[in-house]
1. Only one of these is under 16 Å from Gly386 (Cα atoms), open to solvent by less than 40 Å² (accessible area, probe 1.4 Å) and of a type in the set (Phe, Trp, Tyr): Trp297, Trp235. Name it.
2. Given the criteria among the aliphatic types (A, V, I, L, M), open to solvent by 30 Å² or more (accessible area, probe 1.4 Å) and free of Cβ contacts under 8 Å to residues at least 24 places away in the same chain, does Leu262 qualify?
3. Listed residues Arg224, Arg250, Arg208; which is open to solvent by 50 Å² or more (accessible area, probe 1.4 Å), closer than 16 Å to Gly339 by Cβ and modelled with pLDDT under 95?
4. When region 322-344 is examined, which residues are found to be farther than 30 Å from Gly251 by Cα and open to solvent by 20 Å² or more (accessible area, probe 1.4 Å)?
5. Is it the case, given these coordinates, that Gln180 is in contact with a Gly (Cβ under 8 Å, 6 or more places away or on another chain) and open to solvent by 50 Å² or more (accessible area, probe 1.4 Å)?
6. Looking at (1) at pLDDT 95 or above; (2) more than 20 Å from the chain's Cα centre (by Cα); (3) open to solvent by 10 Å² or more (accessible area, probe 1.4 Å), can you tell me which one His292 breaks?
7. Which condition does Ile354 not pass, out of (1) open to solvent by 30 Å² or more (accessible area, probe 1.4 Å); (2) touching a residue at least 60 places away in the same chain (Cβ under 8 Å), if it passes all the others?
8. Does Gly144 satisfy the criteria of being exposed (fewer than 13 other Cβ atoms within 10 Å of the Cβ) and touching a Ser or Thr at 6+ places or on another chain (Cβ under 9 Å)?
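The values are calculated or read from the model by the stated rules, or taken from the named source; none is laboratory data. Quick caveat: nothing in here was measured; it's all calculated off a predicted structure. Neighbour counts are summed over all protein chains in view; Cβ atoms, including those assigned to glycine, are modelled from backbone coordinates with ideal geometry. Note: accessible area is taken over every heavy atom of the protein model, side chains too, but ligands, DNA and RNA are not part of it. Shrake-Rupley method; radii C 1.70, N 1.55, O 1.52, S 1.80 Å.
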Amino acid sequence: MTHRTENEPPDPGPEPSREPERAPSAQPDARRPGRPAHAADEPDADAAGDVDTAGGTASAGKGVAAGGTAGKRGVRAELRDAITVRSFVLVLGVLLLQLGFIASYLGAFHDPKPRNIPIAVVAPAGAPAGAVDQAVARLNQLPGHPLKARAASDAAAARALLNDRTVYGVLLLGSGSSDQLQVASAAGAAVSTALVSVVGRVDQSQGRTLVATDVIPAGRGDARGLSAFYLVVGWMVGGYLVAAILGIARGSRPTSPTRGVLRLATLALYAIISGLGGALIAETILSALSGHFLALWWLGALLVFAVGAFTMALQVLLDIVGIALAILIFVVLGNPSAGGAYPAVLLPPFWSAIGPWLPPGAGTEAVRTIVYFPAASVSRPLWTLGAYALVGVVVTMLVAAMRPKLRPEPPPARHAAGEPDLAA
């Protein structure tokens, strides 16, 4: 240790460096790793943040309030953008379609009543002249007109009327105290039940006994004769769904006749496969409708194509509204009037009138005729389905042919300043 005396001047220490001062660099501050050093007159942000706590809280409160107001304005703007006139109209259309579905099904099914059910009446052998006419008049004058009776010359002629679906039942008047009623539940179990009930009450009022016989029953796998209806519904759903999907995937309207042909060809291929699948399930796998595989296959193909082409036509004309209109025609109106659960003679007049002219009703009639009534003609349902197919094809192709003419010409290309116009 070095000692110094009282009068000895203090040691000035090492001589300071004479190098010029440098500007502060952005080197990290040793006290806070990873942060640049602050200039002499630059306040430390951390320190400044700890200076005035009350002021900082007030400023933060103002910021939150302003952000909340902006958030509220954003929600209002989003609502205005989301609830457009188009979306409101579409939602309203769905609501009306739903209510129409409920009204149509309940209106058709809530109170089925027999109305003018065709029936043939045969007098017994040796009956006096005019006996059969008296019986026919008595049946036609029943309250509410549940029956539409007609006279037949003999049992064979009456049975021929039953086989070709001209009548739903045959009443064979007996010479004793009992009569026979022949019905065909394959044409609709509900109609057979109604016939037995109405004619049974008439015989009971006269002190007679009625014996009912089901001469054309539904198949063992066809409970109450409903398999035809459900098969047709499955085909029909495939038809309008595939048309809607093709429109959604590639645009509602074909851009050229070639595109229209390709879209219809795709629908035709789908219809063939769909008809085959339905026939395999109904006839081969489940044995619900046996013995008519090829006829059911091609009927299904025609039905699917007719429904799909007509839906396509509505879509190219009305865009998404066309799909809703197809559902209205085929589902809301077509299914209840098809004669599945209740044939036309048990439905109210409106549904009874429209049923045969819509694809579900035409298809159900055709399937039942093919499977159970080979003597009956299927020309009317086939012509009906063919008409829907033809209208769909013609309208789709016309719109596809007109589309290029209606498409606006593209605007001329703009050139940058100084760039030569090559077209000139």
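1. Trp235
2. Yes, satisfied.
3. Exactly one residue qualifies, and that residue is Arg224.
4. Answer for region 322-344, where residues must be farther than 30 Å from Gly251 by Cα and open to solvent by 20 Å² or more (accessible area, probe 1.4 Å): Ala341, Tyr342, Ala344.
5. Criteria met by Gln180.
6. (1)
7. (2)
8. no
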